[in-house]
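Below is one structure, written out as structure tokens; comments come after it.
The values are calculated or read from the model by the stated rules, or taken from the named source; none is laboratory data. On a predicted model such as this, the values are computed, not experimentally measured, just so you know. Counting neighbours? That spans all protein chains shown, and the Cβs are built from the backbone with ideal geometry, glycine included.
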Amino acid sequence: MLNQITYEYYDTVDSTNDRIKDRARQNADGGLVISAGTQTAGKGRIGRKWESPTHDSISTSMLLRPEEISLDAIPTITVVAAMAVRDALSRLYGLDGQIKWPNDIVLDGKKICGILTEMELKEGKVWYVVVGIGVNVHNRQFPEDIAFKATSVDLQLESVGKQGHRGELTKAIWESFKKYYNIFIQTQDMSGLKEEYESHLANCGQRVRIEAQDNSYEATAMGINNRGELIVDVDGEERIIRTGEVSVRGIYGYV
Ligand code: BT5
């Protein structure tokens, strides 16, 4: 169970995930959150970069000590975290984001948040897990290569004349995470969360392109199973897509 959340904030770090890893190795308690104004080496999945060079976005990571979680259930934590970010954006700002499985939140067809879960084993068991969340909040401009597919809270709230607040949103995200994580931990699967998750799943029932490292094919996204894996239909045959080194895209653009 996740009970106590402790917050620390730094102006600039390399990566909040890496700061948490250091603290985890020094035996910090679960529930520690490290946030930073900017990151000099923000990370995405499989060596990709996460842009967070200005004080406009949230870069925040939590340490989990999931002694009670099996290795298999770790990727599901990303799926749980995505629900938390979606929930916080909805509660605070009325923004109705969609979850692009497994680790993005999208609004208006563009990415507003990315999540990176990492872990380390010790003696064959999960020693610690880091859940890292990046959310664009005040950003109005993005590097050229992502400008077409990135958005921020402020850009989404422009039409109603409102703005986001990084501190407030960070706390709301981790409070929501606590709620969903504690439901997840009881069963170690998505059985208590699946229905809500699927109601916000981007491309549910629609055609998607599965891009793995060695092949790429079209399918229809059907939903998730209790492990948080994506169920797709390929020519009438059900296939399970595991979190990991795949991207799932709608066939008409980024989402
Ligand atoms: C992710 O990877 O989306 C995971 C991002 C996790 C970032 C957080 S910030 C706190 C913590 N500390 C870290 O060092 N990381 C975590 P992936 O699905 O691989 O997507 C990466 C791709 O998203 C990049 O290749 C770009 O195309 C795009 N991207 C990069 N920065 C972006 C941004 N600020 N907004 C929208 N898209 C972005």
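Among helices (runs of 4 or more DSSP H) entirely within the range 153-255, having at least 1 residues that are aromatic (F, W, Y) singles out 166-187, 194-199.
Of the conditions (1) in contact (Cβ under 8 Å) with a residue 12 or more places away in the chain; (2) on the phi > 0 side of the Ramachandran plot, G161 satisfies every one except a single condition; which number is it? Against the list (1) in contact (Cβ under 8 Å) with a residue 12 or more places away in the chain; (2) on the phi > 0 side of the Ramachandran plot, G161 comes up short only on (1).
Note on the range 18-59: residues that are of a type in the set (S, T, N, Q) and either more than 8 Å from the ligand (Cβ to nearest atom) or in contact with a Leu (Cβ under 6 Å, 6 or more places away or on another chain) (or both) amount to 6.
Yes/no per residue for (1) crowded, with 24+ Cβ neighbours inside 10 Å; (2) touching a Cys at 6+ places or on another chain (Cβ under 9 Å); (3) aliphatic (A, V, I, L, M):
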| site | (1), (2), (3) |
| --- | --- |
| E67 | no, no, no |
| S70 | no, no, no |
| A73 | no, no, yes |
| A81 | yes, no, yes |
| L89 | yes, yes, yes |
| Y93 | no, no, no |
| I105 | yes, yes, yes |
| G109 | no, no, no |
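In the range 98-149, the qualifying residues are those that are among the aromatic types (F, W, Y) and under 19 Å from G31 (Cα atoms), and the one that is nearest to the ligand (Cβ to nearest atom) is Y128. Residue pairs whose Cβ atoms lie under 8 Å apart, separated by 6 or more positions or on different chains, with the first residue in the range 29-48 and under 22 Å from I105 (Cβ atoms) and of a type in the set (K, R) and the second within 8 Å of the ligand (Cβ to nearest atom) and assigned to a loop (DSSP other than H, G, I, E, B), are K43/S15; K43/W50; R45/N103. The combined condition, being at negative phi and more than 13 Å from the ligand (Cβ to nearest atom), is fulfilled by I74. Do we have any residue at all in the range 194-205 that's within 30 Å of L2 (Cβ to Cβ), of a type in the set (F, W, Y) and at pLDDT 95 or above? Within the range 194-205, one or more residues are within 30 Å of L2 (Cβ to Cβ), of a type in the set (F, W, Y) and at pLDDT 95 or above. Among the residues of the range 181-237, which ones are touching a residue at least 60 places away in the same chain (Cβ under 8 Å), acidic (D, E) and surrounded by fewer than 16 Cβ atoms within 10 Å (Cβ to Cβ)? Scanning the range 181-237 gives a single hit, E196.
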